[in-house]
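What follows draws every value from the coordinates through simple rules; no lab data is involved. Note that this is a predicted model, so its numbers are computed, not measured. Note that each Cβ is placed from the backbone with ideal geometry, even for glycine, and that neighbours are counted across all protein chains shown.
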Amino acid sequence: GAGVSQSPSNKVTEKGKDVELRCDPISGHTALYWYRQSLGQGLEFLIYFQGNSAPDKSGLPSDRFSAERTGGSVSTLTIQRTQQEDSAVYLCASSLVASGDGPFFGPGTRLTVL
Amino acid sequence: AQSVTQPDIHITVSEGASLELRCNYSYGATPYLFWYVQSPGQGLQLLLKYFSGDTLVQGIKGFEAEFKRSQSSFNLRKPSVHWSDAAEYFCAVGALEYGNKLVFGAGTILRVKS
């Protein structure tokens, strides 16, 4: 079946602009995660959605970062007033916690802030 | 605090030789354990995972891993490495008590020489 998809695959933006990154999880997966991967920082947890529960936002690095998940499916990660240190690969993953299926990761969005 | 240690940053093995990648964790809860593989420019692919039960788990591509609670380890093994196994390997730990978010190790880069 279809895996996790992310768009765009690459995004180049100018410092100070806002960006939106999209994640389409595997159909039926109730849990959705956002991670960031950058040189020197490894894989950093950003935010976790599970069903209708309040999201775990403990990994968001600043209030410029936000995420939402509409209808328990698609998620959007928004970065406002981008900074050069936001340049990284943003990875989304989904899982079905009840069955232990996953987490499975998408291909990522490479964000470059000039 | 939860942490995952992959002691080896780089490992080089000859094609056809056996492989063991080390992973140690520090976790204040019953852990779920994962190994992922990442090829250059690609997302993370789930190789195998341990939730409960048999401590020796089989994964895709001929990989296996053994959970040793007494040693807080979850080492990845393969009896005969193929050139296509060259990639970066990540160990990760999660737990229901911590909302299922995964904590990743820093990764081990595997080089295969012919």
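The relative contact order of the stretch A:1-103 comes to 34 percent, based on Cα pairs under 8 Å that sit 6 or more residues apart.
Structural descriptor for the stretch A:73-114: relative contact order 43 percent, calculated from alpha carbon pairs under 8 angstrom and at least 6 residues apart.
The lysines within cross-link reach of B:LYS101, meaning a Cα-to-Cα straight distance under 28 Å and a gap of 8 or more places when in the same chain, are A:LYS11, A:LYS57, B:LYS49, B:LYS61, B:LYS68, B:LYS78.
Charged neighbours of A:PRO55, selected by a Cβ distance under 9 Å, balance to 0 (K, R count +1; D, E count -1).
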